[in-house]
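Worksheet: the structure to be examined is printed underneath.
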Amino acid sequence: MTAQTLNPQSAARKWIIWMAACLLILSLGMLQPKPTAAAAQTIANGTPWKDVNNATFQAHAGSILKVGSTYYWYGEDKIHNSANFKAVTVYSSTDLKSWKWRSYALTTSSAAELASSKIERPKVIYNESTGKYVMWAHYENGSDYSLARVAVATSSTPAGPFTYQGSFQPNGKASRDMTLFKDTDGQAYLISSSDNNYNLRLYKLTSNYQGIASEMNMIYNGDHREAPAIVKKGSTYYLITSGATGWYPNQAMYSTATNLNGPWSALQPIGNSSTFYSQPAFILTVQGSSATSYIYVGDRWNSSTLGDSRYVWLPLTLNGTTASMDYYDNISVDAATGAVSGVSNGTLLSQGKPATAQSAASGSPASYANDGNYQTKWVATSVTWPHWWKVDLGSVKTVKNVQLSWYMVNGSEGFYKYKIETSTDNVNWTVALDRTNNTTYGFTSDTLSASARYVRINMVDADLWNNPGNWYTPQLWEVKVYGT
């Protein structure tokens, strides 16, 4: 082999060409679009939701299951405005805001006994050993609530369709509102409202999650609770339930335990007297790259037009043996990082500020309505309408939002007609918002824009839905005025 002599000029040219090629490759690489993490999404409460195809979103009283990076939401389709069964829907999302309709998991044609029936509160968990997605739900016939059964269905894919396996009473006992819970060790459980909703029972499921293995200790005995929603944080279980008041909202309560089989702590209230006009559906865990957060998911039922029932998502704070939540018209959810927070309507201006009222009963002063405690209330001295309550903000502020927690006990069927009035001098008053057409129970959140030092709630009347005539004594459980 003969050695070759390299021309210095040729070598320099090759070196320049090689360097230019490297720089070109590097620059092209830098110009390539990089994958971006899902951005935080703003989710609005109490508004009509649409899916990505702009169709009405129907997934009531259901559950969300995360598979890989995709969330699947199963729920009741109420578009036909009936309590009777139409379908269990399945939607999917990667950011918890944009939901795509995937399928009907179950329909009236899935089995003969579903043709005329009620299927409520569908919950889905995954069984790793069988590779099956397992759905349980409350089953009734199409004419009444006399059967009190659970229904079971399975699928090999999260989007279904599911194969109906039948209905039965767990351990021979009545079961109405229910939920499923899969513990960190893979064991699954049924929590069931039983005995005309007076008792809350706990069952261990079989290894395939399709049957009852054993009945465990009763969670609540005689407390009349339904709509169970459960989550585990660390070694503590948190269980939220509603009272049994049909379609009407009521005060949600919670208990905690370090053993699912009990003992469970005494019931404690969470949220306001109407759970911000909602009923628990489930608790969503959002686990991301930097945080794990919890969201209370509730249904705001519209009994006269069930298809227009809406959704309430609120950040849930779990700390030791306490659980708490406040209301936000909007919340921010980042599915990638796991961050969840309320979107502020401004600074809370009213809490602890001087409050007065047209009258106040002994032991229920005006100050109880803005003390930051949803469990205390101002009560007037008599059934006198209209009646006013007001707060002095201390100086002129820009008022943006007023949240009112109304009288609501055990689903009481009354709503207030009212006006929000403002003043800068406590002499001349302006109607900032007229809500004398209000038909919302228990809780209202109103957006407005006013410059005011004084905010007055003028309660014009109360309407009793099923009891003609207004026998209410004017009262307010909490007033929150937000702004700058």
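In this structure, D334 does not qualify as at pLDDT 95 or above and either among the polar types (S, T, N, Q) or under 18 Å from Y482 (Cα atoms) (or both). Of the strands (runs of 3 or more DSSP E) entirely within segment 57-111, those holding at least 3 residues that are aromatic (F, W, Y) and either crowded, with 21+ Cβ neighbours inside 10 Å or in contact with a Phe, Trp or Tyr (Cβ under 7 Å, 6 or more places away or on another chain) (or both) occupy 70-76.
Of all residue pairs spaced 6 or more apart or on separate chains, those with beta-carbon atoms under 9 Å, a first member in segment 207-225 that is under 24 Å from S265 (Cβ atoms) and a second member that is hydroxyl-bearing (S, T, Y) and not in a strand (DSSP E or B) are Y220/Y198; N221/Y198; G222/Y198; D223/Y198; H224/Y198; R225/Y198.
Filter segment 206-215 for residues that are on the phi < 0 side of the Ramachandran plot and either of a type in the set (D, E, K, R) or under 28 Å from the mean Cα position of the chain (by Cα) (or both); which is surrounded by the fewest Cβ atoms within 10 Å (Cβ to Cβ)? Checking each candidate, the answer is E215.
Applying the set (1) free of Cβ contacts under 8 Å to residues at least 60 places away in the same chain; (2) among the hydroxyl-bearing types (S, T, Y); (3) not in a loop (DSSP other than H, G, I, E, B) to T439 leaves exactly one unmet item: (3).
With respect to being under 21 Å from N302 (Cβ atoms), touching a Lys or Arg at 6+ places or on another chain (Cβ under 7 Å) and assigned to a strand (DSSP E or B), D434 falls outside the description.
The values are calculated or read from the model by the stated rules, or taken from the named source; none is laboratory data. What you see is a predicted model; the values in this text were computed from it and never measured. Counting neighbours? That spans all protein chains shown, and the Cβs are built from the backbone with ideal geometry, glycine included.
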